[in-house]
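What follows is a single structure, written as structure tokens, with notes after it.
The values are calculated or read from the model by the stated rules, or taken from the named source; none is laboratory data. Quick caveat: nothing in here was measured; it's all calculated off a predicted structure. Cβ sites come from the backbone with ideal geometry, for glycine too, and all protein chains shown count toward neighbours. Heavy atoms of the whole protein, side chains included, go into the accessibility calculation; ligands, DNA and RNA do not. Shrake-Rupley method; radii C 1.70, N 1.55, O 1.52, S 1.80 Å.
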Amino acid sequence: MKITDIPNNVKEKIFEIKLHSDQSVFKIISYFPLSDFERQTITSLLNQPSFSEFHSIFTDNITDDEWSKTKNQIKKRFQNELFDIDSKL
């Protein structure tokens, strides 16, 4: 699977995809938990039906509508807070 194969509406919800040295996916971290359908979409693209290493930064479940309305704010705020952490170390 290539990252470009993931549909954009799912890809934008993903914070990071961690890869093994052979470029196979071993962990997917999203901002919020992905829906069952989104996970199924990814596992089918991975061609790994048993893949289960989905993690999320936040534990709240939000609707697609809520995500669409707030995604830019969430991403910006999260990135800003990460930079603040670096400057405090």
Could you tell me whether ILE28 is of a type outside the set (Phe, Trp, Tyr), out of contact with any Lys or Arg (no Cβ under 6 Å at 6 or more places or on another chain) and modelled with pLDDT of 90 or more? yes
Output the residues belonging to the range 1-42 that are touching a Ser or Thr at 6+ places or on another chain (Cβ under 8 Å) and open to solvent by less than 60 Å² (accessible area, probe 1.4 Å). ILE6, PRO7, VAL10, LYS13, ILE14, ILE29, SER30, TYR31, PHE32, PRO33, LEU34
